[in-house]
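Here is the structure we will look at.
The values are calculated or read from the model by the stated rules, or taken from the named source; none is laboratory data. All figures in this text were calculated on a predicted structure; none of them were measured in a lab. Because the Cβ atoms are built from the backbone with ideal geometry, glycine has one as well, and the counts that use them run over all protein chains shown. Each accessible area value is taken on the protein alone, full model and side chains, heavy atoms only, with ligands, DNA and RNA left out. Shrake-Rupley method; radii C 1.70, N 1.55, O 1.52, S 1.80 Å.
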Amino acid sequence: MDGPILVTGGTGTLGRPVVRRFLDDGRTVRVLSRRPRPADDTTPYEWAMGDMRTGAGIDRAVAGADTIVHCATVGRRGDVEGTRLLVDAVRRQGGSPHLVYISIVGIDRIPYPYYRAKLETERLIEVSGLPWTVLRTTQFHDLIAMITEAQRRLPVTLSLSGVRFQPVEVREVADRLVELAAGEPAGRVPDMGGPEVRTHTDLARSCLVSLGRRRRVVPLWLPGSALNAVRRGENLTPDHAVGRGTFEDFLAARAGGARAPGTDPSPRTRR
């Protein structure tokens with residue numbers, strides 16, 4: 001592999017550690033972003049300004065890439081159309097890069113609009129004619145914490161009654177994506193989940209403790225077919241609990257600036 005690795009969403013929660021892993025391995029990395037490169041950014045990667053919502057700049061971004069790690073999220077239908085624009089740009093270039101896509105456990109079983117779009121995106125990649133690999137993971141620790149922290153102005157903290165999560169460390173997912181990108185195209189690979197299945201109420205309490213907040217957690221029962229599917233555990237993959245870092249490891253590392261177990265000591269940045 002001599003060409004650059006293009007990382008879409010390379011400035012996001014997952015994209016940043018993916019980019020750092022490739023740089024640590026001595027690879028040439030190109031980051032795709034809608035925005036101009038910040039003046040104070042001295043990270044040794046190429047910067048490609050392009051918009052996956054319109055296709056502007058995408059041809060230049062994919063030019064010469066031998067691998068594309070697709071981490072960008074454009075939102076609902078935007079993921080499908082953005083991926084279509086990406087694939088069309090590759091075809092116009094006449095290349096055949098290995099396309100590695102990050103997806104979500106349970107998108108084929110949970111009738112949530114965003115998940116339907118992710119599933120359609122997977123299918124688009126499968127029939128693209130490009131060599132491809134798709135990895136589905138459970139929710140990142142960051143997302144579970146964000147749900148609790150977004151409620152800081154409320155007198156209580158709400159959790160989803162009857163819902164369990166299996167959160168996974170984002171840097172471990174980055175490790176896996178880099179490993180897959182370096183290998184042969186593998187199609188749909190085994191799912192990746194965190195080491196523990198926990199109730200949302202339990203996770204919310206742990207998050208509050210880490211923040212030093214004394215607040216009651218109130219489970220809230222919400223209706224709907226998507227949440228019914230989640231309550232059945234369709235978002236979980238207990239047979240693939242390969243992640244090592246627990247939610248408490250994540251919270252402790254974030255609070256103290258220490259690295260989470262199972263991750264390397266090289267510097268990381270988060271959105």
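Below is a table of values for the structure above.
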{"read-out": "Close pairs from the stretch 171-199: first of a type in the set (V, I, T), partner assigned to a helix (DSSP H, G or I), Cβ under 8 Å, at least 6 apart", "value": "V178/V18; V178/R21; V178/F22; V189/L180; V197/P238"}
{"read-out": "Pairs, first more than 23 Å from G82 (Cβ to Cβ) in the stretch 8-28, second in a helix (DSSP H, G or I), C-beta under 6 Å, six or more apart", "value": "R21/A174; R21/V178"}
{"read-out": "Any hit, the stretch 60-83, residues being free of Cβ contacts under 8 Å to residues at least 24 places away in the same chain, surrounded by fewer than 17 Cβ atoms within 10 Å (Cβ to Cβ) and more than 30 Å from G233 (Cβ to Cβ)", "value": "yes"}
{"read-out": "R91, sole failed condition from (1) open to solvent by less than 10 Å² (accessible area, probe 1.4 Å); (2) farther than 27 Å from R21 by Cβ", "value": "(1)"}
{"read-out": "Elements of type strands (runs of 3 or more DSSP E) contained in the stretch 1-72, each with 1 or more residues being among the basic types (K, R)", "value": "29-33"}
{"read-out": "Count - residues of the stretch 115-156 that are closer than 28 Å to L86 by Cβ, part of a loop (DSSP other than H, G, I, E, B), free of Cβ contacts under 8 Å to residues at least 40 places away in the same chain and not aliphatic (A, V, I, L, M)", "value": "1"}
{"read-out": "Members of the stretch 37-59 found to be farther than 23 Å from D88 by Cα and open to solvent by 90 Å² or more (accessible area, probe 1.4 Å), listed by number", "value": "A39, D40, T42, P44"}
{"read-out": "From the options G245, G224, G262, residue that is of a type in the set (G, A, S), surrounded by 14 or more Cβ atoms within 10 Å (Cβ to Cβ) and at pLDDT 95 or above", "value": "G245"}
